[in-house]
Amino acid sequence: MLFFMQTGLDLMRNGLKESGFVVLLSVEGLLFGSLGIGVLAVIAWGITRLFKGDKRIGWAISAFGLGYCSTLIFSVLGLLFSLILNWNTSVAFGVSGLLWATGPMIASIKEMSRDNTALSVIVATICSSLLLLGWALLGNA
């Protein structure tokens with residue numbers, strides 16, 4: 001939610017969107033960050049199960065969710081810089097935080113796939129691409 005809020009604030013600061021958009025994008029970010037990440041975890045879990053993965057679905061959802069601790073830290077710092085210094089921060093802090101979350105996500109996928117490197121790379125690429133695509137589409141809606 002905080003990452004999407006940064007995006008909305010940046011667009012509002014540049015005169016491209018109104019304050020209502022910031023609120024709407026924040027709500028979308030809350031949904032994307034909770035439901036969207038959960039759905040990605042389920043997708044990754046489902047694909048790895050097809051290839052003999054042995055993790056439970058609850059494990060996958062928890063692992064994906066916990067991987068976003070760094071994103072939370074980057075988002076809070078980005079919001080502080082945005083609000084205090086009036087900087088555009090969604091790319092510098094938001095995308096950086098999102099990219100930091102890909103490491104734990106990749107590690108989770110690798111464990112779900114029982115260290116199948118090729119499968120891990122494919123699933124991680126799909127999940128990471130969907131995350132960035134979702135942010136880009138919602139931010140430009």
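Go through the range 93-107 and give me each residue that's among the polar types (S, T, N, Q) and either at pLDDT 95 or above or under 23 Å from Trp45 (Cα atoms) (or both). So that I can check it myself, show each step before the final result.
First, pick out the residues of the range 93-107 that are among the polar types (S, T, N, Q): 96, 102.
Across the range 93-107, the qualifying residue is only Thr102.
Just one of Ser62, Ser82, Ser75, Ser90 is over 21 Å from Ala136 (Cα atoms) and either surrounded by 15 or more Cβ atoms within 10 Å (Cβ to Cβ) or at pLDDT 95 or above (or both); which is it?
Details: Ser82 fails: over 21 Å from Ala136 (Cα atoms); Ser75 fails: over 21 Å from Ala136 (Cα atoms); Ser90 fails: over 21 Å from Ala136 (Cα atoms).
Answer to the check: Ser62.
The values are calculated or read from the model by the stated rules, or taken from the named source; none is laboratory data. Every value quoted in this text rests on a predicted model; they were computed, and no experiment measured them. Note that we place each Cβ from the backbone using ideal geometry, even for glycine, and neighbour counts take in every protein chain shown.
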